[in-house]
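Asker: If you scroll down you'll find the structure; I have some questions about it.
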Amino acid sequence: MGGMGETIAGLLMAIIPSFCYFLLVTLVFASLGLSIGFRKLYIYVLLTIFEFGRKRIEREKKLKSEETDDSSEAVDKYNAINSINGKRVDVIGGDVNGGNNNETDDHSKHQSLHEMELQIDCEKRDFHLSDGMNFIKIGIEAIVDDEVTKRFAAEELLSWNLLTRTNKNYQYISLRLTIMWGIGCLIRYIILMPTRVIITIIGVFWLVLCTAVTGCIPDGRLKRYIYWNVSLMCFRILSRAFSGIITFHDRHHMAKEGGITVANHTSPIDVAILACDNCYALVGQRQGGFLGVLQRALARATSHIWFERFEIKDRELVTRRLREHVEDPNKLPILIFPEGTCINNSAVMMFKKGSFEVGGKIYPVAIKYDPRFGDPFWNSSKNGYMYYLLMMMTSWAIVCHVYYLPPMTRNEDESAVDFAKRVKSEIAKRGGLVDLEWDGQLKRMQVKTEWRAQQQHEYSKRIKID
């Protein structure tokens with residue numbers, strides 16, 4: 001036992017100094033915004049492993065498909081032998097020759113539904129019970145091809161990335177793939193997660209300390225200069241806590257003082273992503289817990305705007321404070337996520353018009369994540385923030401591209417709603433996202449009564465009233 005204890009102590013004495021040196025180098029390079037290329041090599045290795053896993057899965061599926069085809073041929077031969085009087089009996093059950101009748105029935109049903117639609121769409125007439133068939137059809141189509149609620153869940157992957165959370169129906173495929181998955185779990189939970197937790201603790205402590213010191217400096221050019229560098233340094237360190245690999249495009253379109261930056265919203269780390277390249281005044285809902293600590297720390301050093309989401313008086317106050325902030329050329333550009341909630345990174349949903357009524361230049365930003373290495377989407381209605389942080393810290397990495405778009409201004413004859421739609425469309429186009437008109441708050445609330453009333457009003461136009 002003594003010899004084993006000495007061996008373990010020797011290993012720890014060799015590992016701990018190396019780990020501390022690696023951590024120090026990581027923090028210094030992160031603070032300066034530098035990279036030695038290790039993360040790119042890490043991503044290249046991951047892509048190679050994922051490609052190997054994809055080929056293994058496709059190979060196994062192909063073998064299973066061939067086995068299924070062979071069994072189908074055997075069933076067909078058996079049915080052919082047992083044909084009686086020209087009428088074939090299927091092994092599984094049922095009359096196979098009845099398929100033509102089913103096709104005829106389907107065709108007749110489709111034709112009858114089409115006729116009903118034509119009848120409903122014609123001039124006003126008396127109500128018939130069959131009129132409801134059109135609404136039933138529309139409802140079924142909406143359920144089958146729902147383009148809204150699937151934006152409130154994690155984005156589907158084309159190939160497995162060796163994370164159980166992205167393949168909950170995982171079944172045994174091959175020994176090699178299972179071994180790779182097991183090794184990946186050990187790396188993510190024993191090496192990556194503890195390292196990221198330590199970086200997070202150091203980053204938060206350094207942010208609180210630096211903002212507290214910065215808050216003691218009188219307002220002026222020196223304070224703005226110090227906060228600018230402190231903010232960049234702290235958020236770059238925090239981005240290492242989830243192995244953030246960020247690529248910025250068209251940086252000459254970055255927001256200037258007196259402007260408003262609007263971006264699509266996928267995750268709370270969107271702020272850390274953007275703050276690695278520019279310094280912003282933040283606008284958002286007051287939070288408690290871990291996020292509350294960060295909000296209070298940032299508020300000590302510069303002007304930020306926090307409000308309660310469902311309080312109308314606060315909303316009015318926010319609009320006034322936004323306008324005052326924009327009109328002050330010495331204040332930082334504002335960062336706003338007009339969707340008001342997190343949407344998975346496959347679409348952009350309705351932008352609230354409030355931030356587009358303030359005036360000034362709007363600097364659109366499109367954020368596009370690569371879900372193969374880790375999905376940053378936060379389903380706040382399902383998972384708490386600490387659980388979400390655990391998912392982030394046990395992912396392979398967070399890889400994303402940030403696209404700065406040219407600044408946009410509101411036209412004279414353009415309403416705030418139309419301006420918001422125009423900005424949203426540009427963000428969706430640049431980020432390769434689906435542009436949706438639906439409100440992201442449907443994740444938490446029921447469909448608005450006026451939307452139902454609108455459908456009822458449209459139908460009432462078709463009914464003849466004496």
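Asker: Mind listing whichever residues of the range 413-436 are touching a residue at least 40 places away in the same chain (Cβ under 8 Å) and within 17 Å of the chain's Cα centre (by Cα)?
Answerer: 424, 427, 428, 430, 431, 432, 433, 434, 435, 436
Asker: Residue check, residue 326 against (1) part of a helix (DSSP H, G or I); (2) open to solvent by less than 20 Å² (accessible area, probe 1.4 Å); (3) among the β-branched types (Val, Ile, Thr); (4) more than 27 Å from residue 29 (Cα to Cα), all met but one. Which one?
Answerer: Residue 326 satisfies every listed condition except (2).
Asker: Under 23 Å from residue 439 (Cβ atoms) and in contact with a Ser or Thr (Cβ under 6 Å, 6 or more places away or on another chain), is that true of residue 356?
Answerer: Judged against the criteria, residue 356 is not a match.
Asker: Further question on the same structure: Going by the conditions given, is residue 201 surrounded by fewer than 16 Cβ atoms within 10 Å (Cβ to Cβ), at pLDDT 85 or above and among the aliphatic types (A, V, I, L, M)? If you could, list the steps in order and put the result at the bottom.
Answerer: On the way: surrounded by fewer than 16 Cβ atoms within 10 Å (Cβ to Cβ): yes; at pLDDT 85 or above: yes; among the aliphatic types (A, V, I, L, M): yes.
So residue 201 passes the test.
Asker: Please enumerate the residues belonging to the range 1-50 that are more than 29 Å from the chain's Cα centre (by Cα) and not in a helix (DSSP H, G or I).
Answerer: 1
Asker: Restricting to the range 329-366, name every residue that is of a type in the set (A, V, I, L, M) and assigned to a loop (DSSP other than H, G, I, E, B).
Answerer: Matches in the range 329-366: 332, 343, 349, 350, 358.
Asker: Being aliphatic (A, V, I, L, M), under 18 Å from residue 276 (Cβ atoms) and in contact (Cβ under 8 Å) with a residue 40 or more places away in the chain is true for just one of 27, 23, 46, 34. Which residue is that? Let's see the steps before the verdict.
Answerer: Details: 23 fails: under 18 Å from residue 276 (Cβ atoms); 46 fails: under 18 Å from residue 276 (Cβ atoms); 34 fails: in contact (Cβ under 8 Å) with a residue 40 or more places away in the chain.
None of the others qualify; the one that does is 27.
Asker: Out of the residues in the range 348-367 that are among the small types (Gly, Ala, Ser) and crowded, with 21+ Cβ neighbours inside 10 Å, which is modelled with the lowest pLDDT?
Answerer: Per the criteria, the residue is 355.
Asker: Let me ask something else. Give me the residue from the range 384-422 that is assigned to a loop (DSSP other than H, G, I, E, B) and open to solvent by less than 20 Å² (accessible area, probe 1.4 Å) and, out of that set, modelled with the highest pLDDT.
Answerer: 405
Asker: What about residue 374, is it assigned to a loop (DSSP other than H, G, I, E, B), touching a residue at least 12 places away in the same chain (Cβ under 8 Å), buried (at least 21 other Cβ atoms within 10 Å of the Cβ) and at positive phi? Full working, then the answer.
Answerer: Values: assigned to a loop (DSSP other than H, G, I, E, B): yes; touching a residue at least 12 places away in the same chain (Cβ under 8 Å): yes; buried (at least 21 other Cβ atoms within 10 Å of the Cβ): yes; at positive phi: yes.
The answer is yes for residue 374.
Asker: Take the range 214-259 and flag every residue that is assigned to a helix (DSSP H, G or I) and aliphatic (A, V, I, L, M).
Answerer: Listed by number, the residues that qualify are 222, 226, 230, 232, 233, 237, 238, 241.
Asker: While we're looking at this one, here's another question. Could you say which residue among 301, 255, 281, 263 is open to solvent by less than 30 Å² (accessible area, probe 1.4 Å) and over 21 Å from residue 338 (Cα atoms)? First the steps, then the outcome.
Answerer: Values: 255 fails: over 21 Å from residue 338 (Cα atoms); 281 fails: over 21 Å from residue 338 (Cα atoms); 263 fails: over 21 Å from residue 338 (Cα atoms).
None of the other options fit; the residue is 301.
Asker: Another question about this same structure. Could you say which residue among 220, 182 is modelled with pLDDT under 90 and either farther than 30 Å from residue 359 by Cβ or hydrophobic (A, V, I, L, M, F, W, C) (or both)? Break it down into steps so the answer makes sense when it comes.
Answerer: Working: 220 fails: either farther than 30 Å from residue 359 by Cβ or hydrophobic (A, V, I, L, M, F, W, C) (or both).
After applying the criteria, what remains is 182.
The values are calculated or read from the model by the stated rules, or taken from the named source; none is laboratory data. Every value quoted in this text rests on a predicted model; they were computed, and no experiment measured them. Virtual Cβ from ideal backbone geometry, glycine too; neighbours counted across all protein chains shown. Quick note on the areas: whole protein, heavy atoms, side chains included, nothing else; ligands and nucleic acids left out. Shrake-Rupley method; radii C 1.70, N 1.55, O 1.52, S 1.80 Å.
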